[in-house]
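Peer 1: Next up is a structure, given as structure tokens.
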Amino acid sequence: MLALIGDFKFDINTTNFEKLKRSISFGFVKHTRVGNFDSYQAIGEYEEKIDIEGTLIAKSQKQLRDFELLGRKKEPVTLVLPDGTAKTIIIMDLEEDKSSFLRSGEFLKQVYKTSLQVVEDNNQ
């Protein structure tokens, strides 16, 4: 298992992904001071975003359908990674790029990208 989002499993043999990008933004407000260095004030917690990208070759035409339906619910779900990390996330968006179509209208290649926003860190 590469990751589990709600009941949707990203797995090597089915919905594998090639890239997992994580970014954290620590909240600060900048106060400009004349004749001196600016000062910064910490605000709130931090913001964490996770991007997952992958390419599916000759997989089911409906491979990402359950993930899309999960995102359409607009509800927080749990993300679990192989190292045991668990976070509550919301699915912000899903992009799909389908290509290499057959005469029947089915596609052979599907590139996807999804952005996840962490709303709670369950490991703290």
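Peer 1: Take the conditions closer than 19 Å to ASN122 by Cα and surrounded by fewer than 14 Cβ atoms within 10 Å (Cβ to Cβ) and apply them to THR85. Does it pass?
Peer 2: yes
Peer 1: Pairs only if they're at least six apart or on different chains, beta carbon under 8 angstrom, first in region 32-45 and free of Cβ contacts under 8 Å to residues at least 12 places away in the same chain, second surrounded by fewer than 10 Cβ atoms within 10 Å (Cβ to Cβ) and of a type in the set (Lys, Arg); list them, first residue then second.
Peer 2: Pairs found: ASP38/LYS30; SER39/LYS30; SER39/ARG33.
Peer 1: Can I ask one more? Would you say ALA58 is surrounded by fewer than 14 Cβ atoms within 10 Å (Cβ to Cβ) and either in contact (Cβ under 8 Å) with a residue 60 or more places away in the chain or closer than 19 Å to SER23 by Cα (or both)? Let's see the steps before the verdict.
Peer 2: Working: surrounded by fewer than 14 Cβ atoms within 10 Å (Cβ to Cβ): yes; either in contact (Cβ under 8 Å) with a residue 60 or more places away in the chain or closer than 19 Å to SER23 by Cα (or both): no.
When the stated conditions are applied, ALA58 does not pass them.
Peer 1: May I ask you to say which residue of THR32, THR55 is in contact with an Asp or Glu (Cβ under 7 Å, 6 or more places away or on another chain), β-branched (Val, Ile, Thr) and within 19 Å of VAL111 (Cα to Cα)? Give the steps one after another, and end with the answer.
Peer 2: Details: THR32 fails: within 19 Å of VAL111 (Cα to Cα).
Only one candidate qualifies: THR55.
Peer 1: Tell me which residues, restricted to region 9-40, are open to solvent by 50 Å² or more (accessible area, probe 1.4 Å) and under 16 Å from the mean Cα position of the chain (by Cα).
Peer 2: Those that are open to solvent by 50 Å² or more (accessible area, probe 1.4 Å) and under 16 Å from the mean Cα position of the chain (by Cα): LYS9, GLU18, LYS19, LEU20, LYS21, ARG22, SER23, ILE24, SER25.
Peer 1: Quick test for you: out of GLU96, GLU75, GLU47, GLU53, pick the one residue that is among the charged types (D, E, K, R), at pLDDT 90 or above, touching a strand residue (DSSP E or B) at 6+ places or on another chain (Cβ under 7 Å) and under 22 Å from ASN122 (Cα atoms). Can you show your working first?
Peer 2: Working: GLU96 fails: under 22 Å from ASN122 (Cα atoms); GLU75 fails: touching a strand residue (DSSP E or B) at 6+ places or on another chain (Cβ under 7 Å); GLU53 fails: under 22 Å from ASN122 (Cα atoms).
Only one candidate passes the filter, namely GLU47.
Peer 1: Do you know which of the residues in region 95-124 that are in contact with a Phe, Trp or Tyr (Cβ under 7 Å, 6 or more places away or on another chain) and open to solvent by less than 50 Å² (accessible area, probe 1.4 Å) is nearest to ASP66 (Cα to Cα)? If you could, list the steps in order and put the result at the bottom.
Peer 2: Within region 95-124, the subset in contact with a Phe, Trp or Tyr (Cβ under 7 Å, 6 or more places away or on another chain) is 95-96, 98-101, 107.
Next cut, open to solvent by less than 50 Å² (accessible area, probe 1.4 Å) only: 99, 107.
Working: SER99: 20, PHE107: 18 Å.
Looking at the filtered set, the residue picked out is PHE107.
Table: residues versus (1) charged (D, E, K, R); (2) out of contact with any helix residue (DSSP H, G or I) (no Cβ under 6 Å at 6 or more places or on another chain).
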| position | (1), (2) |
| --- | --- |
| LEU64 | no, yes |
| PHE67 | no, yes |
| LYS74 | yes, yes |
| LEU79 | no, yes |
| ASP83 | yes, yes |
| ALA86 | no, yes |
| ILE91 | no, no |
| PHE101 | no, yes |
| PHE107 | no, yes |
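Peer 1: Can you tell me which residue among GLY84, GLY44, GLY6 is at positive phi and more than 20 Å from the chain's Cα centre (by Cα)? Can you show your working first?
Peer 2: Details: GLY84 fails: more than 20 Å from the chain's Cα centre (by Cα); GLY6 fails: more than 20 Å from the chain's Cα centre (by Cα).
Going through GLY84, GLY44, GLY6 in turn, just one is at positive phi and more than 20 Å from the chain's Cα centre (by Cα): GLY44.
The values are calculated or read from the model by the stated rules, or taken from the named source; none is laboratory data. This one's a predicted model, so the numbers in the text were calculated from it and none came from an experiment. Ideal geometry is used to build each Cβ from the backbone, glycine not excepted, and the neighbour counts take in all protein chains shown. The protein model used for the area step is the full one, side chains on, heavy atoms only, and it has no ligands, DNA or RNA in it. Shrake-Rupley method; radii C 1.70, N 1.55, O 1.52, S 1.80 Å.
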